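Have a look at the structure below before the remarks.
The values are calculated or read from the model by the stated rules, or taken from the named source; none is laboratory data. Since the structure is predicted, the reported quantities are computational estimates derived from the model, not experimental observations. All Cβ positions, glycine included, derive from the backbone under ideal geometry; neighbour counts span all protein chains shown.
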Amino acid sequence: MAGWRERWLTFWHKPQTATMPTGVVWNLRVERERGAVGRLNDRLEQSLRPSVPESALRALQVALDELLTNVIMHAEQASGPIEFRLARSAGVLDVSISYLAEEFDPTGRQSAPGGDSIETSQIGGLGIPLVRALMDDFRHEYVDGHNILHLRKRC
């Protein structure tokens, strides 16, 4: 049995081929409840894992968890479900998240200043910079009362 180093190198260097046909589009509604985020991530895992590199899938899952949780927990004035769209084409995943609420553009948010210790650090403020770091593109637009977040991950 190969050790962890050999397994990692085999995984890292093996060619990633997409078996999912291009042009696949999902349009889903995500209810504004925390459990819905986990169910969406489970669905992504089951449907995309065979054809999307694990690193791209995990980055997308973390980014979506952060953004959807922020909408559910902090957008008090938001109403209705969150519209989710995923488009899979050759070498890229494009996602849009749309929700009805007052305009809020998270893409310009900076990370909270860190403290010198755990006691002096502020809670929060690291999620949006994390999303920015994980995604290849992260944009916001406001159309007809809807905040629309666009994510792109190359894979």
TODO: Check off (1) assigned to a helix (DSSP H, G or I); (2) at pLDDT 80 or above; (3) surrounded by fewer than 16 Cβ atoms within 10 Å (Cβ to Cβ) for D65 and give me the number that stays unchecked.
DONE: (3)
- [ ] Please work out which one of (1) over 22 Å from A56 (Cα atoms); (2) in contact with a helix residue (DSSP H, G or I) (Cβ under 9 Å, 6 or more places away or on another chain); (3) modelled with pLDDT of 95 or more is the condition K153 fails and give its number.
- [x] (1)
Task: Hits in the range 102-139 - residues which are at pLDDT 90 or above and over 17 Å from E66 (Cβ atoms) - done: E102, E103
TODO: Considering only the range 24-44, state which residues are among the acidic types (D, E) and under 15 Å from the mean Cα position of the chain (by Cα).
DONE: D42
- [ ] Could you figure out which of (1) surrounded by fewer than 18 Cβ atoms within 10 Å (Cβ to Cβ); (2) in contact with a Leu (Cβ under 6 Å, 6 or more places away or on another chain) isn't true of V37?
- [x] (1)
- [ ] Answer yes if at least one residue in the range 73-95 is free of Cβ contacts under 8 Å to residues at least 24 places away in the same chain and part of a loop (DSSP other than H, G, I, E, B), and no otherwise.
- [x] yes
TODO: Please enumerate the residues belonging to the range 23-63 that are hydroxyl-bearing (S, T, Y) and within 20 Å of R132 (Cα to Cα).
DONE: S55
